[in-house]
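The values are calculated or read from the model by the stated rules, or taken from the named source; none is laboratory data. From a predicted model like this one, the values you see are computed outputs, not experimental measurements. Cβ sites come from the backbone with ideal geometry, for glycine too, and all protein chains shown count toward neighbours.
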Amino acid sequence: MASENCGDILAKFPSHSSPENLVNLARVAEQAERYDDMCKFMKKLVQEKQDLSVEERNLLSVAYKNVIGSRRASWRTLNVDDQSPQELIQTYKKVVEGELDEICGEILALLEKHLIPAVEGKKDESEVFYEKMAADYYRYLSEYKEGLSDEPSAEGTKATTHYEKAYGIAKEKLPETHPTRLGLALNYSVCYYEILKKPRGLASWPRRHLTQLFRS
């Protein structure tokens, strides 16, 4: 888990705690596919500096995406209704959900306490990137959180808020073919389908953006 034994791996490199060395350690961890370690190095970097370069924020994204991706895959496997014994499966699901809660909570804290405030008001690609990232992790949480009646969970509502803010900036400041704007449109559309249960509305976004990309 991203936060498990966080101090241990960092303690192995006491003389490599500068931002530059943390980035180097993250690169090595990525090459070795040690994504939990990579998360720890990048978490420490964010706590040291909030003005991340494009490479640094991409390293952050890759680290947490890989760590959360394996847990999401596990949860989907366990979330099949015809599996048995049900009591065992439900207990295991709770274990995985606890890990998802912890990992998502960790990256969301970095985003909302450090990274988003550092770029708020810039109205540029970095602000879109972080708002989209926050929206994505709230969406991951909402995949297994339940709302009242047919309403989305609190996490689903927060995801929508971040997506809306990101798209408002992207629509004004980024070209339609910009990779960050394209990824945002795709993920926001997924949120409408799977979380908000509104297949209309943004369903045409990905098609419109991809059509524009292929024409360019």
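Residues that are modelled with pLDDT of 95 or more and within 17 Å of the chain's Cα centre (by Cα): find the helices (runs of 4 or more DSSP H) completely inside the stretch 10-112 holding 2 or more of those.
Details: elements: 19-31, 35-48, 54-78, 86-110.
Output list reads 35-48, 54-78, 86-110.
Select from the stretch 55-70 the residues that are farther than 16 Å from Glu33 by Cβ and without any contact (Cβ under 8 Å) to a residue 60 or more places away in the chain and list them in ascending order.
Glu55, Glu56, Asn58, Leu60
Residues Tyr64, Tyr92: which one is among the aromatic types (Phe, Trp, Tyr), in contact with a Cys (Cβ under 7 Å, 6 or more places away or on another chain) and outside the structural domain of Ala159 (by TED's automatic domain parsing)?
None of the others qualify; the one that does is Tyr64.
Do the conditions hold for Gly156, that is, is it part of a helix (DSSP H, G or I), without any contact (Cβ under 8 Å) to a residue 12 or more places away in the chain and either in the same structural domain as Asn66 (by TED's automatic domain parsing) or not acidic (Asp, Glu) (or both)? Write out each step before concluding.
Values: part of a helix (DSSP H, G or I): yes; without any contact (Cβ under 8 Å) to a residue 12 or more places away in the chain: no; either in the same structural domain as Asn66 (by TED's automatic domain parsing) or not acidic (Asp, Glu) (or both): yes.
Spelling it out, it is not the case that Gly156 is part of a helix (DSSP H, G or I), without any contact (Cβ under 8 Å) to a residue 12 or more places away in the chain and either in the same structural domain as Asn66 (by TED's automatic domain parsing) or not acidic (Asp, Glu) (or both).
Which members of the stretch 113-144 meet the condition of being among the small types (Gly, Ala, Ser), out of contact with any Asp or Glu (no Cβ under 7 Å at 6 or more places or on another chain) and either touching a residue at least 12 places away in the same chain (Cβ under 8 Å) or in a helix (DSSP H, G or I) (or both)? Talk me through it step by step, then tell me what you get.
So in the stretch 113-144, the residues among the small types (Gly, Ala, Ser) come out as 118, 121, 126, 134-135, 142.
Keeping just the survivors that are out of contact with any Asp or Glu (no Cβ under 7 Å at 6 or more places or on another chain) gives 121, 126, 135.
Across the stretch 113-144, the qualifying residues are Ser126, Ala135.
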